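Down below is the structure, laid out as structure tokens.
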Amino acid sequence: MEKDKYFMQIALDLAQKARGYTSPNPMVGAVIMKNNKIVGSGFHQRAGTAHAEIIALQQAGKEAKGATLYVTLEPCAHTGRTLPCTEKIIAAGIKRVVVAMTDPNPLVNGKGIQQLKAAGLEVKCGVLEQEARDLNEAFIKYITTKFPFTVIKAAMTLDGKIATRTKASRWITGAASRRFGHSLRHEYDAIMVGIGTVLTDNPRLNTRLPEGGKDPLRVIVDSTAKIPLSAHVVCENPEKTLLVTTKAAPREKIEALRQKGVEIISLSPTADGKVPLREMMLTLGQREIISVLVEGGSALNYALLAAGLVDKVHFFIAPKIFGGKEAPTPVGGQGVAAVNEAWQLSGVKYDFFEHDILVTGYVQYPKG
């Protein structure tokens, strides 16, 4: 029904208002409709606060009886940080529930819909499902695998360079592209770079939007703790910095970083002395970090792709040409040997930011 899509789109638009703030919970919006009129609406704002359905029910009050509830994710049927939403929906006298998608959380996953149906409510599922899945792609990856949803963002010239031969890189893209990059930092739980990026650029890795925004956790991948104690990410808000290193790092340096306020995760190194990336990502997932934005250099980008840990890419292409065989590219490392070994993208989208082109897609790994 077109009416169902119309009201579900309103619920989806509401859910997006909390982008960047609900982790580790999903973004959820809800609308209550009666006699073709919205009598209640709401969205989940932060983990631990009221769910979207509860806010909408409170707003609707007695008007909820006999009404239709539109919700972007299956209502929960378990007690977590909050009480089950299904009980409140049933008690309010809602007659019909339209759900965009079932909740992939094993604690829910169909149980909420079953409870509603068992109580005599009419339930319709799958309205604007793909839009709902796109909205919560990070939550879906995390809740089903315990690994964070990982995205590489890179900016390069027309000839595929992320810096000149002298490592100069500011600015490849224009102001509009950089603003989008900062909106991604607000959206994601963590921003990740390798030690090479810290040594070359000394970045702050914070969110700089005119309207403010949330700063992500800064994750620095540094196998031997080469990071200078004078680095911006050490001196400025060190409590927002997590250094992932190995047991090969000097103890004195680790202690000095801890004294500065930096948190340290020390893992056993790989055979070639590197940080074990899969173990690192699993550790981040255990900390309820559900999404990671990678703004590292070519070495880290390649290592993550080679380990099968990247879900999505945002590659900006600016209409500039640097040239130079020594100028770095977005993905370095050994590279693939044959064309059929390439990482392909699916669901590719193209957007323009002034003169820059943004290519977005989901990484498909070669089989076998």
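Table for the structure above
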| item | result |
| --- | --- |
| The one condition in (1) in contact with a His (Cβ under 7 Å, 6 or more places away or on another chain); (2) surrounded by 22 or more Cβ atoms within 10 Å (Cβ to Cβ); (3) of a type outside the set (K, R) that G42 fails to fulfil | (1) |
| Candidate set from the stretch 200-226 (those that are open to solvent by less than 30 Å² (accessible area, probe 1.4 Å) and polar (S, T, N, Q)); member that is farthest from R185 (Cα to Cα) | S223 |
| Filter result (closer than 19 Å to Y362 by Cα, open to solvent by less than 20 Å² (accessible area, probe 1.4 Å), in contact with a Lys or Arg (Cβ under 9 Å, 6 or more places away or on another chain) and not β-branched (V, I, T)) within the stretch 265-315 | S291, L293, L309, H314 |
| Answer from D159, D215 - the residue that is farther than 25 Å from L12 by Cα, among the acidic types (D, E) and in a loop (DSSP other than H, G, I, E, B) | D159 |
| Any hit, the stretch 347-363, residues being basic (K, R) and free of Cβ contacts under 8 Å to residues at least 24 places away in the same chain | yes |
| Failed condition for Q58, given (1) free of Cβ contacts under 8 Å to residues at least 24 places away in the same chain; (2) part of a loop (DSSP other than H, G, I, E, B); (3) within 19 Å of K34 (Cα to Cα) | (2) |
| Residue list for the stretch 80-111, restricted to those being more than 15 Å from V28 (Cα to Cα), open to solvent by less than 70 Å² (accessible area, probe 1.4 Å) and not in a loop (DSSP other than H, G, I, E, B) | I89, I90, R96 |
| Among residues of the stretch 235-259, those that are of a type in the set (K, R) and surrounded by 15 or more Cβ atoms within 10 Å (Cβ to Cβ), counted | 2 |
| Qualifying residue in the stretch 342-361 (condition: aromatic (F, W, Y), loosely packed, with under 13 Cβ neighbours inside 10 Å and assigned to a strand (DSSP E or B)) | yes |
| Failed condition for D189, given (1) charged (D, E, K, R); (2) surrounded by 16 or more Cβ atoms within 10 Å (Cβ to Cβ); (3) on the phi > 0 side of the Ramachandran plot | (3) |
| Residue that is nearest to the chain's Cα centre (by Cα), among those in the stretch 251-302 that are assigned to a loop (DSSP other than H, G, I, E, B) and over 28 Å from E341 (Cα atoms) | I290 |
| All positions within the stretch 157-175 that are open to solvent by 30 Å² or more (accessible area, probe 1.4 Å) and of a type outside the set (D, E, K, R) | L158, I162, T164, T166, A168, S169, W171, A175 |
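The values are calculated or read from the model by the stated rules, or taken from the named source; none is laboratory data. Note that the structure is predicted; figures quoted are calculated from it, not measured. Note that each Cβ is placed from the backbone with ideal geometry, even for glycine, and that neighbours are counted across all protein chains shown. Surface areas here come from the heavy atoms of the whole protein model, side chains and all, with no ligands, DNA or RNA. Shrake-Rupley method; radii C 1.70, N 1.55, O 1.52, S 1.80 Å.
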